[in-house]
Every structure is written in C-alpha cells, then in structure tokens.
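Throughout, read-outs are computed from the coordinates displayed, never taken from laboratory work. Note that this is a predicted model, so its numbers are computed, not measured. Positions of Cβ are generated from backbone atoms using ideal geometry, with glycine treated the same way; all protein chains shown enter the neighbour counts.
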Amino acid sequence: MKTVVVTGATSGIGLAACRELAKLGYGIIGVGRNADRCAGTAEALQGEFPEASIAYFCADLSRQAEVLRVGREIRSHVEEKCEGKLRALVSNAGGVRSYYTTTEDGYETVFALNHLAGFLLSHALLPCLKAGGGRLLVTSSASHKGTRVNWRDIMFRRRYNPLAVYKQSKLLNALFAFGFRDRFSGLGVSAACVDPGLVRTEIGLKDTGGLVKFVWGLRMKRGVEPEVPARAFARLIDAEEPPRALYYRGAKPARHSRQVNRKNADRLWNLSEQLSGAHREEAKT
C-alpha cells in the first residue's frame, strides 16, 4: 500500500485530500494541530474507509521542536508499517494572522508555519521520500504573483501587513518547491506546487480578527468546495509519472511568477537552512 503524509489534515483541502486519496487505496498519515480533532478525524475516516490504513499525528508546526518531533514519529511509523517508503508529502498546513506575532523560536508566525515548517518536515522525511520515489506537493496560490520577497525584512518586523505577509508566504512556497526540485530530483524525488484557486475554507477565520476575518468571510463565499482542489492533488499523486511542471493550477500546468527563479530559490534555501537547521537533519539521513 502506498502512503501519503498530509499536513493541515483535519479540515479544508487537507482533509478533503485525505478522503480522495483513501478512496484510491492510499494509506493516510495526517498531521493536525489539535489532538481531539486529529483523533476525531482519524476515527471518522476509518469509519468511512474501514480497509484503509489511517494514522494521525498531532503537532503545532509553527514550532520547530514540534516539527522535528512529529517528523521522527512519522518516519518511525513509515519504517515500521510502510516499508520505509512514502509516495508523497503534501505540505498543506498554513495560516493567516491579523497582527505580528512570533513563535517560541522567535520567528514571525506565518513565515514559520507557511514556509519553514514544510521546509523542515520535508528534510525529516526525505529518506522515506527517496525510498518511495516520492513527490513533494506544496499548496501555493495565485496570490504569489505580483509580489516579491521582502529580503530586507522577510518577517515583516517593521511594517506588518497581513495580506503582504500571506502573499509572500505563497511565493516562498513556490520557491521552496523550486529549490527542492533542483536538489533532489536526481535522487528520484520530485516537487511541485499547486494553486488550488479560491477555496471555501476557514484559513482566514482562524487566529484572526477585525478586517482580515471580515474580508476572508466575504471571499470564501465565492470559493469552490475543498473537494475540487483535493481531486487535483490526488491526480498528481496517483499519476504514474511524477509532475513534470513546477507550478499547477489544479492538476494542469500553469505559469508562475518570474520571481520564482533559481537565484531567489537558492537565496531562500540558504536562509531557511540557517533558520531551521534543516541541513543538520539532512546530514543525519
């Protein structure tokens, strides 16, 4: 049985992707922030797909210690139950904040959750992805277009703007996929990012308030149901050939911003290694 890890797997696109993949016979390893929701989601999916292998792990992915812990737990689970092989890692967890907040590591929360968490978890699970000829799929967004990386203040410590921070995080997602693809495609591991379009999820209603919550509440009404992009993720994972394009709108190749280039990807990769210690994790594999 092929196995997939999905972060942000208790609601929205992540949960819908788990359901679509379970329909296709994949083993599911979900990651969520709330222990009760993880347990409830795992129970519900197991009831819906009694023959499926369903396992959920709880972690606050904005905290690097939690990312490393859950990475070790998932890796042990995959080695014990799944022959050490992963078909895919869907790096989907993300969030929005109305105001500047930091994690226990001292990093701006959206930067830590939307980018660094996936960067670090992918390194922790890299041996399993290599063993399974796996695929990394990162949830990006068309909102990455029309923005640039704020290299002088990448965590927006001085002038925090929720929309600018979120848009930059989606650009970072695309650059991360570019950098991962550059470094590991020769080892049989592919990477791509997926623009799900406007989706009816509560991402902009969690841990927000004021104008952000109001605007997202209006926007989400125009979005598609999470099952629509979830089917795109499932198709890209289930396809015999790994994704050839870097950027997909749904399951179809699409154009990305010109800012998604090797120069920016390398700069971000080097900075991310410094901030997360991911190179040390890779050296352990």
Number of the condition not met by E104 [criteria: (1) farther than 27 Å from F156 by Cβ; (2) in a loop (DSSP other than H, G, I, E, B); (3) free of Cβ contacts under 8 Å to residues at least 60 places away in the same chain]
(1)
Select, from S76, S91, the only residue that is surrounded by fewer than 17 Cβ atoms within 10 Å (Cβ to Cβ) and among the polar types (S, T, N, Q).
S76
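Matching residues to (1) of a type in the set (D, E, K, R); (2) in a loop (DSSP other than H, G, I, E, B):
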position: A232; (1), (2): no, no
position: I237; (1), (2): no, no
position: P242; (1), (2): no, yes
position: A245; (1), (2): no, yes
position: R255; (1), (2): yes, yes
position: Q259; (1), (2): no, yes
position: N264; (1), (2): no, no
position: R267; (1), (2): yes, no
position: L271; (1), (2): no, no
Restricting attention to the stretch 251-265, the residues that are closer than 16 Å to H144 by Cβ and touching a residue at least 12 places away in the same chain (Cβ under 8 Å) number exactly 8
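Being on the phi > 0 side of the Ramachandran plot and either surrounded by 17 or more Cβ atoms within 10 Å (Cβ to Cβ) or without any contact (Cβ under 8 Å) to a residue 40 or more places away in the chain (or both) is true for just one of F156, F180, F184. Which residue is that?
Being on the phi > 0 side of the Ramachandran plot and either surrounded by 17 or more Cβ atoms within 10 Å (Cβ to Cβ) or without any contact (Cβ under 8 Å) to a residue 40 or more places away in the chain (or both) holds for just one of F156, F180, F184, which is F156.
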